[in-house]
Amino acid sequence: MARVGLTTERLVRAGAEMADEIGFEQTTPSKLAQRFGVRTASLYSHVKNAHDLKTKIALLSLEELADRVSAAVAGRAGKDALIAFADAYRDYALEHPGRFTATQFRLSPEAAVASAGVRHAQMARAMLRQYDLTEPHQTHAVRLLGSVFSGFVGLETAGGFSHSAPDAQETWTEILNALDSLLRTWPATS
């Protein structure tokens, strides 16, 4: 073990890279062990099992994405913040498709509460302040944005927009304009 310098952090980062290369679902302890030239059992002092490895990759990915979104929206408000938020999300998904998939991995309640997923919700709510939405409308809007961003980039990374016009970027811009308009005119009653 010491001869290859394995640590939990090194394994998780290598697992995240592998997820981007071959897909999150295909990333396993046995494939990771092969990459390091060790037996799978050698990894179990750092990760308990495949689920633990996937959880750790998900936590890393959520943290990376939260850091990226936070930097993108800093000092912005309203539509500018919405666009920066959305673009950071989409760019991360396109650059790291396996890690993006990992951000949607179902975490245990304990792991979810301690994860950067909480930061994602807080940043979305902060970005929505400019739109002056009250509860429960703000929660509905957070869910809408998450659904639209995840759905669009999921389809885009799967090649769903690569065979027809207009270009995906044009559609993305139209969607963000429509979301801004919707958020500015969100109905006051349920």
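No value in this document is a laboratory result; all are computed from the given coordinates. Being a predicted model, the structure only gives us computed values, none of them experimental. When we count neighbours, we look across all protein chains shown, and the Cβ atoms used for this are built from the backbone with ideal geometry, even at glycine.
The figures follow:
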{"item": "Positive dipole terminus of the chain, leading residue within A112, F161, F36 (C-beta point charges)", "result": "F36"}
{"item": "Candidate values (1) 9, 32, 30, 19, 8, 2, 0; (2) 9, 30, 25, 18, 11, 5, 1, 0; (3) 8, 36, 40, 14, 1, label of the one derived for P(r) over Cα pairs in 10 Å bins from 0, in percent", "result": "(1)"}
{"item": "Where trypsin sites (Lys or Arg not before Pro) fall in DSSP loop in the stretch 62-118, at most 12 other Cβ within 10 Å", "result": "R106"}
{"item": "DSSP H segments from the chain that extend 18 Å or more along their own axis, Cα-based, with Kyte-Doolittle mean of -1.0 or above", "result": "8-22, 50-73, 78-95, 137-157, 168-184"}
{"item": "Over the stretch 1-117, relative contact order from alpha-carbon pairs under 8 Å, at least 6 apart, %", "result": "32 percent"}
{"item": "Prolate/oblate/rounded label for the stretch 72-167 (Cα gyration tensor, a/c 1.5)", "result": "oblate"}
{"item": "Listed residues V148, V69, V12, most fluctuating in the chain (Gaussian network, C-alpha, under 10 Å)", "result": "V148"}
{"item": "CD proxy at 222 nm, helix term only [per DSSP H run n ≥ 4: -39500 (n - 2.57); per residue of the chain; nearest 500]", "result": "-21500 deg cm²/dmol"}
{"item": "Residues whose placed amide H lies under 5 Å from that of G160, excluding near-sequence neighbours", "result": "none"}
{"item": "Relative contact order (%) - the stretch 36-190, alpha-carbon pairs under 8 angstrom, separation at least six", "result": "26 percent"}
{"item": "Highest-MSF residue in the chain out of S42, S115, S61 [GNM, Cα springs under 10 Å]", "result": "S42"}
{"item": "Charge dipole (the chain, unit charges on Cβ, about Cα centre) - positive-most of A141, L59, P187", "result": "L59"}
